[in-house]
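All remarks here apply to the structure that follows.
The values are calculated or read from the model by the stated rules, or taken from the named source; none is laboratory data. If you're wondering where the values come from, they're calculated on a predicted model, not measured in any experiment. All Cβ positions, glycine included, derive from the backbone under ideal geometry; neighbour counts span all protein chains shown. Accessible surface areas use protein heavy atoms only, side chains included; no ligands, DNA or RNA. Shrake-Rupley method; radii C 1.70, N 1.55, O 1.52, S 1.80 Å.
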Amino acid sequence: MATQIRIGIGYDIHRLVSDRPLILGGVTIEFDRGLLGHSDGDVVLHAVTDAVLGAAGMGDIGELYPDTDDRYKDADSGELLKDVIGRTRSAGFSPGNVDVVIHAERPNLSAHKTPITESVAALLGIPVANVNVKAKTNEGLGPVGSRDAIACTAITMLHCA
Ligand code: MG
């Protein structure tokens, strides 16, 4: 019998501001600024979460965890992603692989890609080999290029039961 799969895409962008920790993919990164957000601003986990929800046909992160709800103020995005994995598993989906592109002019993320990969794999409950993290600058263009924001694009495949 053919294995059924479904594909989902996620995108997010957050503004870089002073006096916030920089958290990407559940990993705290040494930097002089961090990402503004109602939650912890983890743009990577938000993109991955939306990719998982998209593949499952279950809407988006803003519908499930509204930024108008004080329960999600400074929320740990890892906990939100784990909740989404639980919901999608209950609906008969299990994560296959994830591919992530982080768009950041600064900081240089080359030394952080492995810890981010390991963190995302642990949150999804899949092997590290099934997670790929890439980091790109924006060649100085737009809000990412001017170092006012970090963005992330993610795509995921889910197996269907
Ligand atoms: Mg977000």
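Please go through segment 60-80 and pick out each residue that is open to solvent by 60 Å² or more (accessible area, probe 1.4 Å) and either touching a Leu at 6+ places or on another chain (Cβ under 7 Å) or at positive phi (or both).
D74
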Problem - Test: residue in segment 16-32 that is buried (at least 23 other Cβ atoms within 10 Å of the Cβ) and of a type in the set (S, T, Y) - result: no
Completion exercise
Of the residues in segment 33-59, those that are more than 18 Å from P143 (Cα to Cα), within 12 Å of the chain's Cα centre (by Cα) and free of Cβ contacts under 8 Å to residues at least 40 places away in the same chain come to D40, T49
Exercise for the section: Scan segment 90-110 and give yes if some residue there is surrounded by fewer than 15 Cβ atoms within 10 Å (Cβ to Cβ) and within 13 Å of the ligand (Cβ to nearest atom), otherwise no. Expected result: no
Handout entry: Residue check for H159: within 18 Å of the chain's Cα centre (by Cα) and either touching a residue at least 24 places away in the same chain (Cβ under 8 Å) or open to solvent by 50 Å² or more (accessible area, probe 1.4 Å) (or both)
Key = no
Problem - Residues located in segment 123-147, provided they are in contact (Cβ under 8 Å) with a residue 12 or more places away in the chain and open to solvent by 70 Å² or more (accessible area, probe 1.4 Å) - result: N132, K134, K136, P143, R147
Practice task
Being within 17 Å of the chain's Cα centre (by Cα) and polar (S, T, N, Q) is the filter; apply it to segment 111-141 and report the residue that is farthest from L35 (Cα to Cα).
Solution key: N130
Exercise for the section: Tell me, please, whether a residue that is free of Cβ contacts under 8 Å to residues at least 12 places away in the same chain and under 28 Å from T137 (Cβ atoms) can be found in segment 62-73. Expected result: yes
Completion exercise
Counting only residues in segment 1-15 that are more than 10 Å from the ligand (Cβ to nearest atom) and touching a residue at least 60 places away in the same chain (Cβ under 8 Å), the one surrounded by the most Cβ atoms within 10 Å (Cβ to Cβ) is identified as G8
Handout entry: Residue within segment 81-89 that is open to solvent by 30 Å² or more (accessible area, probe 1.4 Å) and within 11 Å of the ligand (Cβ to nearest atom) present
Key = no
Practice task
Answer yes or no as to whether G62 is over 13 Å from the mean Cα position of the chain (by Cα), outside any loop (DSSP other than H, G, I, E, B) and within 13 Å of the ligand (Cβ to nearest atom).
Solution key: yes
Exercise for the section: Would you please name the residue that is farthest from the ligand (Cβ to nearest atom), looking only at residues in segment 36-59 that are open to solvent by 40 Å² or more (accessible area, probe 1.4 Å) and closer than 18 Å to G10 by Cα? Expected result: G57
